[in-house]
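Q: Attaching a single structure in C-alpha cells format; questions to follow.
Computed from the coordinates by the stated procedures, all read-outs in this text should not be read as laboratory data. Computed from a predicted model, the values in this text were never measured in an experiment. Note that we place each Cβ from the backbone using ideal geometry, even for glycine, and neighbour counts take in every protein chain shown.
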Amino acid sequence: MAVLVTGGAGYIGSHTVVFLKEQAEEVILLDHLQTGHRQAVRGDAFYEGDLRDGDLLDRIFTEHDIDAVVHFAAHSLVGESAADPLKYYENNLYGTLCLLRKMIRHDVNRIVFSSTAAVYGEPERLPIREMDPTRPTNPYGETKRAIEKMLHWCEQAHGVQSVSLRYFNAAGAWPGGEMGEDHDPETHLIPLVLQTALGERKEIAIFGDDYPTRDGTCIRDYIHVIDLAQAHALALDRLRRGEGSGVYNLGNGEGFSVREVINAARKVTGREIPIRVTPRRPGDPAVLVASSDKARSELGWQPKYPRLEEMIDHAWNWHRSHPKGYGSRRGEWGISR
Ligand code: UDP
C-alpha cells in the first residue's frame with residue numbers, strides 16, 4: 001500500500017514525506033513545483049504536475065496501489081489570497097475537487113487534509129477549540145473551510161473518510177538543518193527574523209506594538225513542523241483503523257509574542273537582530289492560541305518539540321547552512337535527529 005502526498009515538495013509536505021518514510025511507508029509525491037522545491041523531493045516516486053490534470057491523476061492511481069492521500073497542495077499566502085481570490089478558489093478549492101473526483105473513481109477513500117487556523121478568523125474565546133465558530137476573514141481561510149465542508153459531503157455521498165488538521169503557526173526545520181522553510185516571497189516571522197540575524201535583511205519589522213497583549217505585540221501558537229508531520233502519520237493510522245473522520249487543531253496551547261520570538265532568536269543565534277516597529281498588518285488578530293486536547297486524546301498526538309527555542313534552533317541550523325534556501329546547496333542529504 002502506498003500513500004499519495006500532494007504538495008510533497010513544500011515546507012510541511014517535505015518534512016511529512018521524510019517522517020512517513022521513516023515509518024516504512026511507500027510514499028508517492030505529486031507537486032507542480034510552483035512553490036515547492038525539487039531539492040526537497042524525497043519518497044519513492046515523484047510526479048511533477050497539477051491536481052487538475054485528470055490524466056496524470058488517473059496514471060498515478062493506476063500505477064501505484066494507493067490507499068490514502070495526504071493533501072497539502074495549495075497556495076497559502078493570506079495577503080495574496082485577498083488580492084487574487086480566484087487564484088485560491090481555482091487552485092485550492094477546484095484542485096481539491098478534481099483530486100476527490102479521481103479518488104472516488106479509483107476507490108481511494110481516505111484523505112488527510114492540510115487545513116488552517118485561518119478558518120476561525122477572529123476568535124471569540126481562547127484557546128480556540130474545534131467546535132468554535134468558523135468565520136474566515138480572507139479567501140485563503142475561506143477556501144480551506146470550503147474544502148472541509150466538501151469533504152464532509154463526500155463522506156455522506158461516497159464514504160470518503162477524512163481528517164482535517166488545522167495548523168496554527170508551523171515553525172522549525174529538520175533538526176540538523178538538512179531541510180527547512182524556503183518561501184519566495186518569505187512572509188513568516190521566524191524565517192524573517194533568522195534572515196535578519198544572518199544579515200540577509202537589515203531589520204525585522206514588528207507589525208504593531210499596540211495590541212492588547214502583555215507586550216503589545218501579536219501572540220501566536222508556534223508548532224514544530226516535525227510535530228505536524230507526526231500528526232499526519234497518526235491521522236493516517238486513525239483512518240486505516242476505521243475510526244472515522246475528524247477535525248483537529250494542531251498547536252502547543254501556548255502563545256508567544258512577536259517580541260518574545262525575536263528575543264528567543266537573539267538568544268539562540270547570539271546575534272543582535274535590529275527591529276523596527278511599523279503599523280499593524282491588516283487582518284492580524286491580537287492572539288491566536290489553540291487547544292489541541294482533541295488531537296492528543298483522539299489521535300494520541302504528543303508534540304516532541306514544544307519549546308520555542310528548540311524550534312528556532314532547528315530553523316537556525318537550516319538558515320545558516322542554507323542562507324539562500326534550497327538554492328544554496330544541491331544534492332546534500334543526510335538525516336539526523
Ligand atoms: N510578523 C511581524 N513581522 C513580520 C512578519 C510577521 O511582526 O515581518 C507578525 C505577524 O503580524 C503575526 C506574527 O508575526 O502576528 C506571525 O506572523 P506569520 O506571518 O509568521 O504567521 P501568521 O500568524 O500570519 O500565520
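Q: Mind listing whichever residues of the range 89-102 are of a type in the set (Phe, Trp, Tyr) and out of contact with any Lys or Arg (no Cβ under 9 Å at 6 or more places or on another chain)?
A: Across the range 89-102, the qualifying residue is only Tyr89.
Q: Determine whether Ile312 is over 19 Å from the mean Cα position of the chain (by Cα), under 22 Å from Val193 (Cβ atoms) and β-branched (Val, Ile, Thr).
A: The answer is no for Ile312.
Q: On to the next question. Looking at Pro136 and the list (1) in a loop (DSSP other than H, G, I, E, B); (2) away from the ligand (no atom under 16 Å from the Cβ), which single condition is not satisfied?
A: For Pro136, the exception is condition (2).
Q: (1) polar (S, T, N, Q); (2) in contact with an Asp or Glu (Cβ under 6 Å, 6 or more places away or on another chain); (3) near the ligand (Cβ under 10 Å from one of its atoms): which one isn't true of Ser164, the others all being true?
A: The failed condition is (3).
Q: Which of the residues spanning the range 288-300 are polar (S, T, N, Q) and either part of a loop (DSSP other than H, G, I, E, B) or touching a residue at least 24 places away in the same chain (Cβ under 8 Å) (or both)?
A: Within the range 288-300, Ser291, Ser292 meet the criteria.
Q: Also: Could you say which residue among Gly121, Gly180, Gly199, Gly141 is within 13 Å of the ligand (Cβ to nearest atom) and assigned to a loop (DSSP other than H, G, I, E, B)?
A: Numbers: Gly180 fails: within 13 Å of the ligand (Cβ to nearest atom); Gly199 fails: within 13 Å of the ligand (Cβ to nearest atom); Gly141 fails: assigned to a loop (DSSP other than H, G, I, E, B).
Criteria check complete, one pass: Gly121.
Residue-wise test of (1) touching a strand residue (DSSP E or B) at 6+ places or on another chain (Cβ under 7 Å); (2) surrounded by fewer than 20 Cβ atoms within 10 Å (Cβ to Cβ); (3) assigned to a loop (DSSP other than H, G, I, E, B).
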{"site": "Ala9", "(1), (2), (3)": "yes, no, yes"}
{"site": "His15", "(1), (2), (3)": "no, no, no"}
{"site": "Thr35", "(1), (2), (3)": "no, yes, yes"}
{"site": "Asp58", "(1), (2), (3)": "no, yes, no"}
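Q: So for the range 113-130 (the condition being touching a His at 6+ places or on another chain (Cβ under 7 Å), surrounded by 19 or more Cβ atoms within 10 Å (Cβ to Cβ) and under 20 Å from Gly13 (Cα atoms)), does at least one residue qualify?
A: yes
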